[in-house]
Amino acid sequence: MEIQLAEQFSHFFGHPHTKTCFAPGRVNLIGEHIDYNGGLVMPCAITHGTYLLLAPNDDRVYRFRSLNFEASLEIDIKKEGYSKMGANWYNYPLGVIDRLIKAGHIPGGVDMMFWGNIPIGSGLSSSASIEVVTAFALNELMGAGISRLDLVKHTKDVENIFIGLNSGIMDQFAVAFGEKNKAIQLNCDTLDYTLVDCDLGDYLLAIINTNKLRALAESKYNERVMECNEALKALQSALTVQYLCDIDADAFARHQHLISNDIVRKRAKHVVEENARVQQAAKALAGGDLTAFGRLMYASHASLRYLYEVSGKELDAIVDYCSTNKQVAGARMTGAGFGGCAIALVRKDSFDAFSEGLIQYYQEKIGYVPSVYSSSIGDGVKALD
């Protein structure tokens, strides 16, 4: 693979690359729509991800090419930074350079070629993977000495400020700090985190792509953020809290009447209960209790389906099938929803039969087939040479 990528780089730019870096995608095992509410999430890095080959140039330009997209960009170095250019994929690396410039780091001319094997628009954080691998590689190339945590903060700013999506920090954090066979219990307010052993034993992590494309920046994602802010403001009339996740279930039960809008109240109920589920899930995984963890996965999906309403017929069909299959310990949607992916804990020796049965069931229900992958929990961003 790396040899073929090297040949493609030389073909595009007329000279060899000097560095190769890789950043994974991520799945969130549990704790959905919590990251922007200041609570606990439990993501892990996966073995699918984004490769970046790069080399400096003397032309004082940034060049972006991708083997996944036809569009490319060559742009002069601008010390004042850049603005988003339409809906092109290269906004993500361009946004990274913009944030680095605004932080006082101006990369010299660079030729960059990307290739990824994360399904685009699937909810596996292909955008965060591109952002983090770009920031990591440029930091290495410049010798700027930016800490991994600051790289995470810069790439979150790319999503929020440059791209315009009001997402939290979970995706970039998992991509940067993931470790093989470990889940990350992350406090999205303090950024304190604990690595949780994630020994799946006789099970594997199945990733099921609905193959329904999403456009998060144009979706109802930002609407959910506003609904949570509305709920928080109502609760702050009686509670001294900064985030919804500062409230436990008992306090919420006593004060939920302060939220006059029924829909907004449902959104807040999901957030409070989902935050508690992450804590319960960490205990279950640490104790090797995959049965208990699986029950929490199903409970999480039900909450996302009925309270937060970010699932949909495609994701629900997948989880409904899993709930009737005895070879599955648990399943849920992962990511922001509105399409994208679900995950399931499936017995290794039953994966092929599970995959065949799910594809048939899904096609009958939805009208087209999903993509089913077996995955491992992998490392975070790293240099490969």
Of the listed residues (Ser311, Ser300), the one being in contact with a Leu (Cβ under 7 Å, 6 or more places away or on another chain) and closer than 25 Å to Ile366 by Cβ is Ser311
Within the stretch 55-65, restricting to residues that are in contact with a helix residue (DSSP H, G or I) (Cβ under 9 Å, 6 or more places away or on another chain) and assigned to a strand (DSSP E or B), the one that is surrounded by the fewest Cβ atoms within 10 Å (Cβ to Cβ) is Pro56
Condition set among the small types (Gly, Ala, Ser), within 30 Å of Ile34 (Cα to Cα) and at pLDDT 95 or above, scope the stretch 326-354, selection farthest from the chain's Cα centre (by Cα): answer is Ala329
| With respect to Leu200, is the statement that it is at pLDDT 95 or above and out of contact with any His (no Cβ under 8 Å at 6 or more places or on another chain) true? | no
task = Kindly check whether there is at least one residue in the stretch 212-226 that is surrounded by fewer than 18 Cβ atoms within 10 Å (Cβ to Cβ) and more than 22 Å from Cys341 (Cα to Cα).
result = yes
**Request:** Could you tell me whether Asp248 is in contact with a Ser or Thr (Cβ under 7 Å, 6 or more places away or on another chain) and of a type in the set (D, E, K, R)?
**Result:** no
When restricted to Leu345, Leu304, the only residue assigned to a helix (DSSP H, G or I) and in contact (Cβ under 8 Å) with a residue 24 or more places away in the chain is Leu304
Scanning the stretch 107-151 residue by residue, those crowded, with 20+ Cβ neighbours inside 10 Å, part of a strand (DSSP E or B) and over 16 Å from the mean Cα position of the chain (by Cα) turn out to be Val110, Asp111, Met112, Met113, Phe114
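Going by what's in this entry, would Met85 be described as hydrophobic (A, V, I, L, M, F, W, C) and crowded, with 16+ Cβ neighbours inside 10 Å?
The answer is no for Met85.
This table checks each residue for (1) touching a residue at least 40 places away in the same chain (Cβ under 8 Å); (2) surrounded by 15 or more Cβ atoms within 10 Å (Cβ to Cβ); (3) not in a helix (DSSP H, G or I).
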| residue | (1), (2), (3) |
| --- | --- |
| Phe9 | yes, yes, no |
| Pro24 | yes, yes, yes |
| Tyr36 | yes, yes, no |
| Met42 | yes, yes, yes |
| Ala45 | yes, yes, yes |
| Leu53 | yes, yes, yes |
| Ala71 | no, no, yes |
| Ile97 | yes, yes, no |
| His105 | yes, yes, yes |
Scanning the stretch 255-266 for residues that are loosely packed, with under 12 Cβ neighbours inside 10 Å and of a type outside the set (S, T, N, Q) gives His257, Asp262
message: Just checking, does the stretch 277-299 include any residue being touching a residue at least 12 places away in the same chain (Cβ under 8 Å), buried (at least 21 other Cβ atoms within 10 Å of the Cβ) and basic (Lys, Arg)?
response: yes
Next item on the list: Return a yes/no flag: does the stretch 178-189 have any residue that is out of contact with any Pro (no Cβ under 9 Å at 6 or more places or on another chain) and either assigned to a helix (DSSP H, G or I) or among the β-branched types (Val, Ile, Thr) (or both).
Entry: no
Taking the stretch 74-90 and the residues there that are of a type outside the set (D, E, K, R) and touching a helix residue (DSSP H, G or I) at 6+ places or on another chain (Cβ under 7 Å), the one that is farthest from Met142 (Cα to Cα) would be Met85
Result of the Cβ filter at 7 Å on the stretch 74-95, keeping first residues that are without any contact (Cβ under 8 Å) to a residue 24 or more places away in the chain and partners that are polar (S, T, N, Q) and surrounded by 13 or more Cβ atoms within 10 Å (Cβ to Cβ), at least 6 apart or interchain, is Met85/Asn91
So, first residue of a type in the set (Ser, Thr, Tyr) in the stretch 188-209, second residue crowded, with 20+ Cβ neighbours inside 10 Å and in a strand (DSSP E or B), Cβ within less than 8 Å, six or more apart or across chains; the pairs are Tyr193/Ile184; Tyr193/Gln185; Tyr193/Leu186; Thr194/Ile184; Thr194/Gln185; Tyr203/Ala329; Tyr203/Leu345; Tyr203/Val346
Condition set touching a Gly at 6+ places or on another chain (Cβ under 8 Å) and in a loop (DSSP other than H, G, I, E, B), scope the stretch 309-328, selection nearest to Thr291 (Cα to Cα): answer is Asn325
Picked from the stretch 357-381 (must be in a strand (DSSP E or B) and crowded, with 17+ Cβ neighbours inside 10 Å), the residue modelled with the lowest pLDDT is Ser375
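The values are calculated or read from the model by the stated rules, or taken from the named source; none is laboratory data. Just so it is clear, the model here is predicted, and its values are computed rather than measured. All Cβ positions, glycine included, derive from the backbone under ideal geometry; neighbour counts span all protein chains shown.
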